[in-house]
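Just below is one structure, and these are the notes that go with it.
The values are calculated or read from the model by the stated rules, or taken from the named source; none is laboratory data. Just so it is clear, the model here is predicted, and its values are computed rather than measured. Cβ placement follows ideal geometry from the backbone for every residue including glycine, while neighbour counts extend to all protein chains displayed. Side chains are part of the model used for accessible areas, which takes the heavy atoms of the whole protein and leaves out ligands, DNA and RNA. Shrake-Rupley method; radii C 1.70, N 1.55, O 1.52, S 1.80 Å.
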Amino acid sequence: MHPASLWKALPNGRVECHLSPRKCRIPEGGLGFCGVRYNRNGELLTLNYGKSVPMTEERIESEAVYHYAPGAPILSLGNIGCMLKCDFCQNWQTSQARLVREQDIARYTPEQVVDYAVRHGIGILSWTYNDPVVWQEFVMDTARLARQAGLRNLYKSAFSIGPEAIDELLEVMDIFSISLKSLDADFYRKFTRSELQPVLEGIKQVYRARQGGRGPHLEVSNLCITGRNDNLEQARRVCDWMLDNLDDEIPLHYVRFHPDYLYTQVARTDVNFLEQARRQALDAGVKFVYLGNTANTVSVDTCCPQCREVVIRRSGEGIALHLDGNRCGHCGHVLPIVNLPQTSKPVAFAGKPGRSLTHVFRGAIGAAHIEQATENPIRYVFLDADGKEIMGGQSSCLRFLVSKPSARVVAMRIDLDADKDVRVLEVFDRAHFPTVLTEQSQSGSCDVPPAPLQPR
Ligand code: SF4
């Protein structure tokens, strides 16, 4: 247990937590709504300080961040609990504190996180997955240390968070990727058991901090959930709100939903609808609109609004840049993109592999986490149906994400030392944290939901 911040004492040993807008009033011996903040003898403590799912190397695009350091590796961390209770949660194995399994949790100090990122040449820490709001104390301690070490911080959240907590975050965060689920207050109440207005106020607070051009980078995503908000009227309200309250250069991502947790009786979001929503937002005046959790579409690429040429082409973890700094590589137009020099990773897979494993991508599941027990260099190579090598990469992290760079890819070969082994965990959409091994998920797991990919 660790002392919590952002609370006040009330009479009779009760406390009020104001980390999130829920402002739980907690009696002695009680827990907040999130299940990870505890009143011990009139003092609020946090139960999840330093408790994380295993740190995972990913690419920044996994976090719906397309205009900051394209293609950069990030180190993603997620914890336990959440201030929301969405019945459609796609990270429910860790967001719902009562369901968390001990085997999915690692324990870190801020120093260990920063040292690990530096050692693996990863320049950005990503606070993500379940939701970082209920982890404020550990996020702040680690993010401050990361800044001192020259690292940057990314905050991916549903952003149901109080204004004082946002003020703290603005000291240390370089990038905010905020999930705005709907512009409908009833949607928030009914399906997330939270309020819409604080989320909107929070986004505006971050946006105001950007004024003068020195504040954090901001992108907004909207998860379009089958049967809940997958209609053009709801999508239109999101882009209209952005144009009215932010500006036309903040990127907007319409993100595809997959059935999960308690909401599995539906199909994935229809991609045609997502394409229509994107077209509608572009016509309304948002300059950069993307689709998320989709493959085989050009709607994930960035085009220069001046000459209309593609400046960033994306496909899984494959990325091709046509940028000159933050200028269009075709016409020289200045773009609202932070294009950092790529850090080189101190990883080298030397010599011949001792052994190779093959992972076959299954249906629409185009990504996987690779996990190993010690930090050894591992090489992975994508293969087409004829076994031809397409491209690949390498990592020496204990856990890292790979995702198919093209529709031609059917499998991945993993090369490693003879005496080493890996675990492969399929992940349906890249931003989520899988907890079930591939061989177990073949029979229908919580990460690969038994719900069909087609309508029933
Ligand atoms: S973080 Fe939010 S849900 Fe958790 S105890 Fe504080 S106010 Fe309640």
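Yes/no matrix, rows are residues, columns are (1) buried (at least 20 other Cβ atoms within 10 Å of the Cβ); (2) over 24 Å from Ile337 (Cα atoms); (3) in the same structural domain as Ile175 (by TED's automatic domain parsing); (4) of a type in the set (Gly, Ala, Ser):
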| position | (1), (2), (3), (4) |
| --- | --- |
| Ile203 | yes, no, yes, no |
| Val206 | yes, no, yes, no |
| Gly227 | no, yes, yes, yes |
| Arg236 | no, yes, yes, no |
| Val266 | no, yes, yes, no |
| Gln276 | no, yes, yes, no |
task = Report those strands (runs of 3 or more DSSP E) wholly inside the range 379-427 carrying at least 1 residues which are surrounded by fewer than 15 Cβ atoms within 10 Å (Cβ to Cβ).
result = 389-395, 423-427
inquiry  = When you scan the range 42-51, do you find a residue that is away from the ligand (no atom under 16 Å from the Cβ), touching a Lys or Arg at 6+ places or on another chain (Cβ under 7 Å) and either without any contact (Cβ under 8 Å) to a residue 24 or more places away in the chain or not in a strand (DSSP E or B) (or both), even just one?
reply    = yes
task = Just one of (1) polar (S, T, N, Q); (2) open to solvent by less than 10 Å² (accessible area, probe 1.4 Å); (3) not assigned by TED's automatic domain parsing to the domain that holds Cys303 trips up Ser20, so point out which.
result = (2)
Extreme residue, nearest to the chain's Cα centre (by Cα), among residues of the range 1-24 that are over 13 Å from Leu45 (Cβ atoms) and more than 9 Å from the ligand (Cβ to nearest atom) = Lys8
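Yes/no per residue for (1) open to solvent by 10 Å² or more (accessible area, probe 1.4 Å); (2) β-branched (Val, Ile, Thr); (3) within 13 Å of the ligand (Cβ to nearest atom); (4) part of a helix (DSSP H, G or I):
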{"position": "Leu75", "(1), (2), (3), (4)": "no, no, no, no"}
{"position": "Asn79", "(1), (2), (3), (4)": "no, no, yes, no"}
{"position": "Val118", "(1), (2), (3), (4)": "yes, yes, no, yes"}
{"position": "Thr142", "(1), (2), (3), (4)": "no, yes, no, yes"}
{"position": "Lys156", "(1), (2), (3), (4)": "yes, no, no, no"}
{"position": "Phe159", "(1), (2), (3), (4)": "no, no, yes, no"}
{"position": "Glu164", "(1), (2), (3), (4)": "yes, no, yes, yes"}
{"position": "Leu170", "(1), (2), (3), (4)": "yes, no, no, yes"}
inquiry  = Suppose we filter Arg25, Arg119, Arg101, Arg37 for residues that are over 24 Å from Pro259 (Cα atoms) and in the same structural domain as Val172 (by TED's automatic domain parsing); which single one remains?
reply    = Arg119
task = Select from the range 180-201 the residues that are closer than 15 Å to Cys89 by Cα and in contact with a helix residue (DSSP H, G or I) (Cβ under 9 Å, 6 or more places away or on another chain) and write down the one among them that is surrounded by the most Cβ atoms within 10 Å (Cβ to Cβ).
result = Lys181
task = Report the residue count in the range 144-154 for those that are open to solvent by less than 10 Å² (accessible area, probe 1.4 Å) and not in a strand (DSSP E or B).
result = 1
remark   = Of those in the range 4-16 that are under 11 Å from Asn39 (Cα atoms) and touching a Leu at 6+ places or on another chain (Cβ under 6 Å), the residue most open to solvent (accessible area, probe 1.4 Å) is Trp7
